[in-house]
Structure formats: structure tokens, C-alpha cells
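Novice: Just dropping this structure here.
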Amino acid sequence: MQREEIIEKVNHFLVEEIEIEENLLKEDALLKEGLGIDSLDFVDIVVIVEKNFGFKIKPEEMTNVKTLGQFYDYIAGKVN
Amino acid sequence: MRRVVITGMGIYSCLGKNLDEVRQSLYAGKSGIGIEPIRTEYGYRSPLTGIVERPMLKGMLDRRSRVCLAEEGEYAYMATAEALRNAGIDMDYLEKNEVGVLFGNDSSAKAVIEAHTTAMQYKDTQMMGSGAIFQSMNSTVTMNLSTIFKLRGINMTISAACASGSHAIGLGLMFIRNGLQDMVICGGAQETHYLSMGSFDGIGAFSVRVDDPTKASRPFDRDRDGLVPGGGAAAVILEDYDHAVKRGAHIIAEVAGYGFSSNGANISQPSDMGSGIAMERALKDAGVQASDIDYINAHATSTLQGDAFEAMALDHLFTPYHTPISSTKSMTGHECWMAGASEIVYSNLMMLNSFIAPNINFENPDEYSKNLNIVNQTMEKNIDTYLSNSFGFGGTNSALVIKKIK
């Protein structure tokens, strides 16, 4: 899956389902401090990712994923 | 001892989505009961239910608040928001003053069943999502309302079967009377989803009069064949009288008396003695006599046994005074955990507008109801003091006496 396609899918669910404002979705945006994604939101993101990308996020793999760009890369690494 | 008054109320039920719609339905004797076909597919004996439309909360509440709200919590939000507006309370007031919340709720079955279904499908509890735990607990309504409205006073849910909402108001009365709180949001909430009522249907408690749904709920009538489940939510703002006067609040009524009892007997069979004790205690607590009661909003759900036992108790206490009685469950169905609160809102609307809503479908009395003055047509009547009864499984009984402030 191309990175552009992943970005499109991730941004779509972040806007539509997590209700994050679209103009905040920048590669360098911090997931927690920048986008306001808290631990409960992340539970829902785990569910959405599994349903959309077919794999389960493991918390230990997310320790170095701080920005939205790193999150796109993490998904790309799992699906490709 | 401090006096406790109602300074705001809100309602969301099968009779309407706000006070004005519900007042009109009550006056018109309009039933909110219909058929939900999926109940038959699921295996219910009866597809009859109060028809309550889910509110659209997107745009009214943020995502986190919506994700954590179960169906009954959505109704409770709508009723509470209306009650606060009605009381002239805004978010600024709630942030500066300590306000409590006590709601009656005794299940959140849909959330529990859906979480179980997800676990069975994925073999992974995380797939239940972040809202499941907050939707699944009995205290879902109060935990959500306290978060949404930034409430910092007493915060808990009362689970007492079909008397839950009434006990919630009774306990709110006690918290304020005793000086522990100045203002408490009290109410009751009831889920209506088909996943929530199957076990109740399973014991044969529901009417199967499907040929004419609006005739199915017929409390006290000789030909009743069971109750119809309903739901939604109701809220009242309880407040210390002096506190209400000081802030210039419009006072709707006084919560004058609360009576309670437990039958200590059969889990499903009511008791004329137990319910009578609750009524007598409420009258005594309010400092009134049976002859002072202008109207009784009966618990009567349209079951054979329940209505008969309540009729016996009412006959014993009120027949000498020919007190007008109606069960609004004839129009709403049995709103279960919510009923004790919604019936206070319904009765307050009657008191404010000087009418008694009819016990529709009461056509022929039985041997127990024949001595009672059951109102089956809308009656224009001034109400200064009324009694509201609520009884539940396990023999829990609650009665409230409400008075006009003069």
C-alpha cells in the first residue's frame, strides 16, 4: 500500500471518527499534545486500524511513535 | 428542617421530547406505544414497546462524551439539559456551585450484550472499544452526567428496580433536607432497545395485545393482560427552598414527603401492605392526611397481580375521599427504572396546568379497582397536593407527596 493511500485512510478516520480538526493533521503533529489523542481515544484507534488495515497495534511497538508522520510510517511498515 | 422544592424539570419519552410536547400528549390522552418488529425476530412473546427516538447528539456533545453514553444516558442528557434550562442553571453556575446528581437506573444491557458479542467475534476485549466499560455499568447515567455537566456534589445511581427513579428523588430530598446539599439533579433513565428487555418478556409479563398497540396498556382494567415496556429519561432539579428563593428561581412544587418500605416477601409479587406502608409514610412525612390528596399517579403497570395489590392498598387508604387516580403508564407503558421520576414530571405538568391526564383504556373495573375513582377521560382539576407511587421487583416500594407552593 502506497504511503499516500495510508495517509488518506488514516486522516479520514481521524477526522470522521476521532473528530480531530483536519487542519491539525500535519506530519510533525504530536499525537498526544498536538492532536489531543488520549489513552481512551487510542483504544478506539486500535479498533479502527484493525478493521481498516487488518493488523493489531501492539503498545510496545508504539513507544517511539510520537508524531503523525511516524504513525503513518508505522502502519506502512506493518502493511507492506 | 429545610424545605425542598423542584425548580426545573425535563423529559424525553414516548410522549414527547420536551415538556411542551409531553404536556400536550398527556392532555390529549395520546399513547406512545407501538410495535417494534425486531422483537418478534429476536424471540419476544410481545413486540409492543414505547417508541422513543434516539436523540442526535453530534454537534451537541463532543466525541468522548458521546462514546461513553449508553442509550439511556443519551435520554438522560436530553432530559437533564432541559431541566437545567428550565431551572435557569447554566454551565457558569455549575462551575461555581456544588451540585449533586442522583439518578435511578437498573441496567445497561445493550452495552453489555454488544461487548460480549464483540468479544466472541474477535476473541479480543480491546475490540470492545473505549466506551463499552462506561456504557455498561449501572452508574453509567450519573457518571456521564457528572462529567458532562461538571457536577461536584453527591454523585451516584440508585438501583431499585421499577422504583429507582422515585427513590432517587426521595434520597435527593434527604440530602437537601439534612443540609448536605443545596441542589441535586434527580431523575430516572430507562433503555428501550430490544436487547434490554428480553428477559422481562421471558417471564410472560408483557401484554400480547398486538392487534391494537395503543389499547395494550390498560392499568386497572378488567381485561388487561400485562405491561408494555417503555423508556426514556426524566430529570428534576431539587433545591433547598431558601436557596431557590435567594437566587430568584421559579418554584414548580415542593417535594413534601417521601415514604418507603420493603415487602420482605416474594421477588415478583407485590404487596398491598408493603405499598400501603410506603404511602402512609409519605403522607406522614409531608404532614398531610389522605383527604388532602387531590390526585394519585398510581404505579399500576397493567399486570394482573400488580394492579390488584395496588388497588387494594388505594382502596384501603383513599376510597372514602373519592380521590382521582390515574396511571400514566396507560399511555407511556412501564418506564421501569425511569418511571418514578417521569411520573413526577408528568404529574407536575398536570398540577401546573390544572388537569388530570387520563388512565386511557380503563373501560371496565375488576373486583379490586371497582371502588376506586379512576379517571379515564382528561379532567380539568386544580391539584394542590398529589401522591406518586412506585413499586419494584424484590418488594421495594417508594411514594412521594408533592405540593404546590403557596
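Computed from the coordinates by the stated procedures, all read-outs in this text should not be read as laboratory data. What you see is a predicted model; the values in this text were computed from it and never measured. Here the Cβ is made from the backbone with ideal geometry for all residues, glycine too, and neighbour counts use every protein chain on show.
Novice: Once you sort the root eigenvalues of the Cα gyration tensor of chain B as a ≥ b ≥ c, which label holds: rounded (a/c under 1.5), prolate (a/b larger than b/c) or oblate (the other case)?
Specialist: Working: a/c = 1.66, a/b = 1.08, b/c = 1.53.
Oblate.
Novice: Would you please classify the overall shape of region B:267-354 from the alpha carbon gyration tensor, given that a ≥ b ≥ c denote the square roots of the eigenvalues, rounded means a/c under 1.5, and beyond that prolate means a/b larger than b/c while oblate covers the rest? Don't jump to the answer; show the numbers that get you there.
Specialist: Details: a/c = 1.56, a/b = 1.03, b/c = 1.50.
It comes out oblate by the Cα gyration axes.
Novice: Let me ask you something else. Within chain B, what percent of beta bridges assigned by DSSP are antiparallel, to the nearest 5? Mind showing how you got there, number by number?
Specialist: Working: 42 of 62 bridges.
Roughly 70 percent of the beta bridges in chain B run antiparallel, per DSSP.
Novice: Right, here's the next one. Going 7 Å from the Cα of B:LEU180 along its beta-carbon direction, which residues of region B:229-254 have the amide nitrogen within less than 16 Å of the resulting point?
Specialist: In region B:229-254, the label zone of B:LEU180 (backbone N under 16 Å from the point 7 Å along Cα→Cβ) covers B:238-240.
Novice: Please sort through the DSSP H helices of chain B and keep those with an alpha-carbon extent of at least 18 Å along the long axis and a Kyte-Doolittle average not below 0.5. Intermediate results must be reported in sequence, preceding the final value.
Specialist: Values: long enough: B:71-87 (24 Å, -0.65); B:109-122 (20 Å, 0.07); B:164-177 (19 Å, 0.90); B:272-286 (21 Å, -0.20); B:304-318 (21 Å, 0.45); B:336-353 (26 Å, 0.74).
Span-like helices in chain B: B:164-177, B:336-353.
Novice: With both partners inside region B:250-406, how many of the DSSP beta bridges are antiparallel, as a percent to the nearest 5?
Specialist: 70 percent
Novice: Rounding to the nearest 20 debye, state how big the charge dipole of region A:3-79 is about its Cα centre with +1 on each Lys and Arg Cβ and -1 on each Asp and Glu Cβ.
Specialist: Numbers: 9 positive and 18 negative charges, 76 e Å.
About 360 debye.
Novice: Right, here's the next one. Can you list which of the GluC sites (Glu not before Pro) found in region B:28-106 are DSSP loop residues with at most 16 other C-beta atoms within 10 Å? Provide the component values of the computation, followed by the final result.
Specialist: Values: sites: B:GLU41, B:GLU53, B:GLU71, B:GLU72, B:GLU74, B:GLU82, B:GLU95, B:GLU98; in loops: B:GLU53, B:GLU98.
When the GluC sites (Glu not before Pro) of region B:28-106 are filtered for loop state and at most 16 Cβ neighbours within 10 Å, B:GLU53, B:GLU98 remain.
Novice: Let me ask another. Which of rounded, prolate or oblate describes region A:3-79 when judged by the alpha-carbon gyration tensor and an a/c cut-off of 1.5?
Specialist: Cα axes put region A:3-79 in the rounded bin.
Novice: Along Cα→Cβ, 7 Å out, is where each label goes; now give me the distance between the ones at B:GLN121 and B:LYS58 in nm to one decimal.
Specialist: 1.9 nm
Novice: Taking each residue of B:330-339 in turn, how many C-beta atoms of other protein chains fall within 10 Å of its C-beta, and what is the average? Kindly include the intermediate steps, with their values, before the conclusion.
Specialist: On the way: counts 0, 0, 0, 0, 0, 0, 0, 0, 0, 0.
Mean partner-chain Cβ count within 10 Å for B:330-339: 0.
Novice: Something else: Could you check what % of the DSSP bridge pairs in the protein assembly as shown are antiparallel, to the nearest 5?
Specialist: Just about 70 percent of them are antiparallel.
Novice: Right, something else. Over what distance in Å are the Cα centres of region B:289-307 and region B:342-376 separated?
Specialist: Comparing the Cα centres of region B:289-307 and region B:342-376, I get a distance of 8 Å.
Novice: Could you list the chymotrypsin sites (Phe, Trp or Tyr not before Pro) in chain A that lie in coil according to DSSP, counting only those with at most 14 other Cβ atoms within 10 Å of their Cβ? Mind dumping the intermediate values first?
Specialist: On the way: sites: A:PHE13, A:PHE42, A:PHE53, A:PHE55, A:PHE71, A:TYR72, A:TYR74; in loops: A:PHE55.
Sites meeting the loop and neighbour criteria: A:PHE55.
Novice: If you plug each phi of region B:374-379 into the Karplus form 6.51 cos²θ - 1.76 cosθ + 1.60 with θ = phi - 60°, what whole-Hz ³J(HN,Hα) values come out, in order, with x for Gly and Pro?
Specialist: So the J values, rounded to whole Hz, are 8, 8, 10, 10, 3, 10.
Novice: Run the count for region A:3-79, please: Lys pairs, Cα-Cα under 16 angstrom, 8 or more apart or on different chains.
Specialist: 9
Novice: Hey, another quick one. Can you sort B:VAL184, B:VAL236, B:VAL401 by how many other beta carbons sit within 10 Å, fewest first?
Specialist: B:VAL401, B:VAL184, B:VAL236
Novice: Only sites in a loop by DSSP and with at most 16 other Cβ atoms within 10 Å count here; which trypsin sites (Lys or Arg not before Pro) in region A:1-79 make the cut? All intermediate terms of the calculation are to be shown ahead of the outcome.
Specialist: Values: sites: A:ARG3, A:LYS9, A:LYS26, A:LYS32, A:LYS51, A:LYS56, A:LYS66, A:LYS78; in loops: A:LYS26, A:LYS32, A:LYS56, A:LYS66.
Answer by residue number: A:LYS26, A:LYS32, A:LYS56, A:LYS66.
Novice: Next up: Which whole-number percent is the relative contact order of region B:114-222 (Cα, under 8 Å, 6+ apart)? Show your work: numbers first, answer last.
Specialist: Working: 61 pairs, mean separation 14.1, N = 109.
Relative contact order of region B:114-222: 13 percent.
Novice: If you don't mind, another one. For chain B, calculate the relative contact order in percent as a whole number, restricting contacts to Cα pairs under 8 Å that are 6 or more residues apart. Walk me through the numbers on the way to the answer.
Specialist: Details: 1108 pairs, mean separation 96.9, N = 406.
Computed over chain B, the figure is 24 percent.
Novice: When you look at the Cβ of every residue in B:124-131, what mean number of other chain Cβ atoms sits within 10 Å? Please list the in-between numbers first.
Specialist: Numbers: counts 4, 0, 8, 6, 2, 6, 10, 3.
Shielding by partners across B:124-131 averages 5.
Novice: Given the pairs B:LYS30/B:LYS58; B:LYS246/B:LYS403; B:LYS215/B:LYS284, which are separated by over 25 angstrom at their Cα positions? Walk me through the numbers on the way to the answer.
Specialist: On the way: B:LYS30/B:LYS58 30 Å; B:LYS246/B:LYS403 20 Å; B:LYS215/B:LYS284 37 Å.
Flagged as over cut-off: B:LYS30/B:LYS58; B:LYS215/B:LYS284.
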